[in-house]
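Visitor: Before I ask anything, let me first share the structure, which is written out below as structure tokens.
Each value in this text was obtained by applying a stated rule to the coordinates, not by laboratory testing. Source: prediction; values computed, not measured. Quick reminder, even Gly has a Cβ in these numbers, built from the backbone with ideal geometry, and neighbours come from all protein chains shown.
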Amino acid sequence: MSKLKDALIAGLVLLAGKRRKDPYANLPEQRIVEEGAPDRRAENVVLVLFAVVVICAVAFIVVYSFESLAHQTQYLGLAIGLAFVVLAAACIVIATRLIVTEELEEPYPDLEHPDESDAVAEIVEESGSRFTRKRLVRMAGLGAVGTLGAALITPALSLGPAFNTDKLKWTPWRRGRRLVDDAGKPLLASEIEEESFYSAYPEGADRELMGSPIIVVRVPLDELKTRHDWAPHGIVAFSKICTHAGCAVTLYRKPTFAPTQPRPALVCPCHYSTFDPAEGGKVIFGPAGRNLPQLPLTVDGKGYLRAAGTFNEPIGPSWWGVRRGRSVS
Ligand code: FES
């Protein structure tokens, strides 16, 4: 309570003090720093330089938003580099042409008294006497630094869609889509042999999409532990993109080394995450934090392998919220 009282009294004293008329207001001002001659030309140069900084920073943001632009990286480097160079030039012009400088022969004494701090503040204030449009220059400077700051944080947008994460879950797989090999030839269930590893893609879709490539293996029916209805004749399919950091799972551990490796397994060569195809792509070794997403399969009347839906989980490396929901087609 007493603290509140002290604060109220301090506030009142401050207000009263502010209202009190300064008895020295009409006396000639005692300056520490000699008044400098205005330099409008230098001011104009600074304003133009700040404008160029803004243009470069905005150019960086615009170029960054066009991913398909040729030589995008070079343009980005040019824009941000130029922005910093021009900003430095503006600072040099301000320091050399617009700030009144004084040179002391003696080194600055240590600031032991509050009066000396006030004197330093006054020196700083009075050093700007050559500016004729202080406010305009200040606003331009803030604009330049602000836009440059915005340009610097723009790349953070590439960390991923923060609110609309559905596009990370999209894949071209849907019910009825045939599996094709590297050459675009549809895969027959009868061609898939045990102890071998096949890459496949959705027929007619873009293979470059992260959700496109899959691995197909045939597991002996008596070894299949789960999701029998997703695996006709023991043939199972999984996303080829490792759930650890997104490398391609390109190894099939067969032959094995009994008793330490009882069954064949899918292996990612990057950090050796190992997945069990007989148990729904379960992680059995390595840093991957979740199972390989599985694609349910079916066989059509002509013996071709087709997707019976999309993956049971979002594909790709883990990111926050990945465990929520399924992939979408
Ligand atoms: S990316 Fe596959 S184990 Fe790290």
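Visitor: How many nm is it between the label spots at Thr132 and Tyr272, if each spot is 7 Å from the Cα in line with the beta carbon?
Guide: If labels sit at Thr132 and Tyr272, their model points lie 7.5 nm apart.
Visitor: Could you sort the peptides 200-212, 286-298, 252-264, 221-233 by per-residue average Cβ neighbour count (10 Å cutoff), highest mean leading?
Guide: 286-298, 200-212, 221-233, 252-264
Visitor: With no solvent and one equal point scatterer per Cα, compute the Debye intensity ratio I(q)/I(0) for region 32-159 at 0.09, 0.16, 0.19, 0.21 Å⁻¹ and report its log10, rounded to two decimals.
Guide: -0.39, -0.84, -0.99, -1.11
Visitor: Which FRET efficiency value, to the nearest 0.05, do you get for Ser65 and Thr260 by plugging their Cβ-Cβ distance into 1/(1 + (r/R0)^6) with R0 = 56 Å?
Guide: My answer for the efficiency is 0.65.
Visitor: Oh, and also: In whole Å, what is the distance between the alpha-carbon centres of region 263-291 and region 202-262?
Guide: 10
Visitor: Rounded to whole Å and sorted largest first, list the principal axis extents of the Cα atoms in region 166-279.
Guide: Extents along the principal axes: 42, 32, 26 Å.
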